[in-house]
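This report concerns only the one structure given below.
Where a number appears in this text, it was derived from the coordinates with a stated rule and is not lab data. Worth saying up front: this structure is predicted, and the values here are computed from it rather than measured. In this analysis, Cβ positions are derived from the backbone assuming ideal geometry, glycine residues included, and neighbour counts consider all displayed protein chains.
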Number of protein chains: 2
Amino acid sequence: MATIGDVARVAGVSRSTASYALSGKRAISEDVRRRVKDAVRELGYTPNAGARALATSQTMVIGLLAQFLEDEFAPAMLQYMLGVSNTARELGYDILLSTEADGRNALRRMTDSRMVDGIVLLNVAEDDDRLPILRDAPQPGALVGLPADCSGVEVFDLDFEEAGRTMVEHLHRLGHRELVLVSQPEHVVERGGAYVWRLQNAALAEARARGITLHAVFGPAQQPEVGRALHGLLDAHPDATGLLINNEAAAAALPTVLHERRLTAPADLSVVGRYSDEFARTFSLPYSSIESAPDRLGRMAVRELVRRIEGQVGPDEPHVVRFVSPELVDRGSTGAPRGD
Amino acid sequence: MATIGDVARVAGVSRSTASYALSGKRAISEDVRRRVKDAVRELGYTPNAGARALATSQTMVIGLLAQFLEDEFAPAMLQYMLGVSNTARELGYDILLSTEADGRNALRRMTDSRMVDGIVLLNVAEDDDRLPILRDAPQPGALVGLPADCSGVEVFDLDFEEAGRTMVEHLHRLGHRELVLVSQPEHVVERGGAYVWRLQNAALAEARARGITLHAVFGPAQQPEVGRALHGLLDAHPDATGLLINNEAAAAALPTVLHERRLTAPADLSVVGRYSDEFARTFSLPYSSIESAPDRLGRMAVRELVRRIEGQVGPDEPHVVRFVSPELVDRGSTGAPRGD
DNA sequence: GAACGTCGTCGAACCGGTTCGAAACGACGC
DNA sequence: GCGTCGTTTCGAACCGGTTCGACGACGTTC
């Protein structure tokens with residue numbers, strides 16, 4: 001494999017001159033620059049990434065930590081990963097991926113050994129045990145998900161409070177007076193999935209403010225339990241006319257459940273979920289939903305991370321905490337309640 | 001950040017001695033070894049990955065190329081990625097992920113700049129344009145998917161011929177005489193997805209040999225087209241009693257279609273698919289299926305790749321081409337045809 | 001007591017880049 | 001003819017590890 005020494009020899013210059021000719025960091029005569037570039041082409045030279053990283057202490061790699069925890073709906077996670085990965089590439093960075101269950105271990109390895117210039121954490125819990133490590137690390141970090149303590153990192157998340165309010169408001173306006181909200185399983189919440197609380201509490205408050213009833217329940221995240229749970233739920237609340245779903249597995253299982261009960265949306269029941277458009281297409285879900293925008297969040301996280309890495313924003317400048325406003329995508333699954 | 005020089009100074013030895021004390025590649029007195037280890041702990045020393053890669057020309061990183069092409073069913077791809085990633089970690093390797101549409105570009109970058117010790121290619125087409133680049137690369141490569149030319153790389157794939165035969169045999173034995181096979185969209189085949197052909201041709205041959213009818217059709221891979229296509233298919237072949245599905249999107253859409261037609265499996269129609277158990281759970285598919293074993297294939301690819309990387313198998317020893325035998329997972333969706 | 005082997009350690013070189021300071025060179029003004 | 005300046009190039013040092021050859025100390029052996 002050709003090194004810059006080979007290039008220099010072929011071009012008849014010193015190694016440093018070859019380096020400058022390629023980087024353009026010093027003035028180089030047109031003649032020499034051409035000779036160096038020709039030599040590069042002739043030898044098929046590509047700089048050695050390790051050597052460059054050593055010399056510049058820049059790896060041009062971003063670490064991506066994605067934990068696939070129990071009851072995490074994998075296809076949903078994938079979309080965040082793709083948003084991160086594709087954006088990183090556009091900005092000239094590669095992705096070092098860890099899917100290790102022990103995220104702390106992976107994080108330490110990546111940061112301590114200087115394999116990456118920055119870190120993106122997916123699926124961040126309220127009291128995420130990876131955060132103290134990330135804060136101590138010399139590399140900047142960006143999160144998708146809202147922890148209790150946002151200091152020292154860039155944070156991006158959907159505005160789940162607004163999402164909860166929007167869902168309730170939307171159905172109330174259509175005339176619904178009794179709603180059911182299906183959240184993620186309780187142990188996802190206990191693990192620190194605070195976004196579940198945020199949406200649920202905002203929805204409850206909004207319902208109270210509007211004087212309507214909202215039954216909030218945790219649904220399982222696995223088949224076939226979730227199907228049974230949905231049946232039980234609809235049995236338990238026969239007067240509910242609106243269904244809110246903040247649980248990917250439940251959303252995916254809903255078409256079958258409604259078919260089994262001979263119900264159609266919106267004629268018999270208005271349904272609104274919270275998942276991405278891509279998710280809706282993959283699972284052919286016909287329900288209106290709050291767009292969770294995973295690709296957009298991943299993209300924003302990487303963008304801001306790279307700005308930090310490249311020093312376009314100073315180390316003392318405040319960190320970003322940004323909430324994406326939820327948009328309701330109308331797929332026609334909501335309407336006036338049947339009784340009206 | 002502490003370097004090995006710092007460790008050496010604290011321990012009162014030379015850098016080389018510190019290195020040997022840690023690697024164990026030369027005899028070191030118990031006293032010195034302890035002092036070095038203490039210094040490591042005290043300073044929180046972790047070797048710099050770039051420096052080590054430069055010195056040893058080993059990065060302990062494996063490149064993973066996953067292209068998310070049009071009509072590729074993303075959740076299915078994710079399972080291969082996880083198999084690769086998790087196995088790599090178990091063997092001490094990290095994953096450099098590329099999801100770039102232009103796989104050749106990503107491959108060249110990874111290999112030329114020596115960022116990785118080996119490469120795993122997912123979703124390999126019959127005449128995959130990444131293969132010539134991989135063969136020329138100094139790093140070994142492993143594929144998931146069967147190309148026309150297997151030379152110079154390790155190849156792992158499901159035995160799609162046997163899968164096709166098994167599906168037909170299974171339904172024939174139960175008494176079915178007219179079957180329909182839904183394959184991937186035609187342009188996936190044209191792009192080089194030869195596995196579609198392999199399964200289809202073997203199924204057709206097996207049906208012929210058994211004197212039964214098999215209608216093979218290409219199905220779309222997107223919603224809502226695939227649902228309509230399934231309806232059209234069932235309309236067109238009212239006498240078919242068995243349905244074979246080699247198309248993830250069609251499999252995912254089938255429960256709804258059957259509900260809409262008021263059909264249940266196996267009472268009205270026997271159904272057998274080709275997808276992984278994980279996929280079946282994610283989409284709550286109740287159909288018996290040929291297990292496509294993505295995690296196992298990813299695992300095997302990485303295992304063999306690492307054996308090559310670490311020289312446990314010599315450069316002149318022949319490369320592996322291994323087909324995983326398909327297993328039929330019985331989920332009770334097949335039985336004797338209704339007419340019997 | 002000289003020759004020899006073993007063990008533990010050190011210094012130096014190397015991996016392949018980048019970058020700083022200085023030197024060589026021609027042009028210019030005086 | 002000499003000093004000065006700007007442009008272009010070079011040599012050396014450095015990033016942080018690993019590894020080879022050598023060397024000193026010590027214990028055996030004849």
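Listing for the model above:
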quantity	calculated
For A:His319, label point 7 Å along C-beta direction: distances to other copies, nm	4.6
For residues of B:105-116, the mean tally of beta carbons on other chains within 10 Å	4
Nm distances between copies for B:His215, ranked from closest, using label points 7 Å along Cα→Cβ	4.4
Efficiency of FRET between B:Val321 and B:Ile212 - r from beta-carbon atoms, R0 25 angstrom, step 0.05	0.20
Other-copy label distances relative to A:Thr3, 7 angstrom Cα-Cβ extension, nm	1.8
Reciprocal mean inverse distance between Cα atoms of the stretch A:141-189 - Kirkwood radius, Å	13.4 Å
C-alpha center-to-center spacing [the stretch B:77-105, the stretch A:1-77] in angstrom	23 Å
Charge sum, other residues only, whose C-beta stays under 10 Å from B:Leu54's C-beta, Lys/Arg counted +1 and Asp/Glu -1	+3
Surrounding net charge for A:Val302, when Lys and Arg each add one and Asp and Glu each subtract one, Cβ distance under 14 Å	0
Set of aspartates and glutamates with alpha-carbon distance to A:Lys37 below 20 Å, sequence-local pairs under 8 removed	A:Asp6, B:Asp112
Cα Rg, Dmax (largest Cα-Cα span) when computed across the stretch A:4-47, Å	8.9, 24
Shape box of the stretch B:154-231 [Cα atoms, principal axes, largest first, Å]	41, 33, 15
Between the stretch A:137-216 and the stretch B:305-336, the alpha-carbon center distance in angstrom	44 Å
For the stretch B:278-340, convex hull of alpha carbons as volume per residue, Å³	98 Å³
Calculated P(r) tail over 18 Å for the stretch A:160-292, as whole % of Cα pairs	49 percent
Percentage relative contact order, chain B, counting C-alpha pairs under 8 Å, at least six apart	18 percent
Cα-based shape type of the protein assembly as shown, given that a ≥ b ≥ c are square roots of the gyration tensor eigenvalues and the cut on a/c is 1.5	oblate
Three principal axis lengths of the stretch A:73-113 [C-alpha, angstrom, descending]	29, 26, 8
P(r) weight above 40 Å for chain A, C-alpha pairs, percent	29 percent
Exposure rule at most 16 other beta-carbon atoms within 10 Å, DSSP loop GluC sites (Glu not before Pro): chain B longest free segment	B:71-309
As computed over the stretch A:201-275, the Cα convex hull volume per residue (Å³)	92 Å³
Distance histogram in 10 Å bins (all Cα pairs of the stretch B:1-138, percent per bin)	11, 31, 24, 17, 13, 4, 0
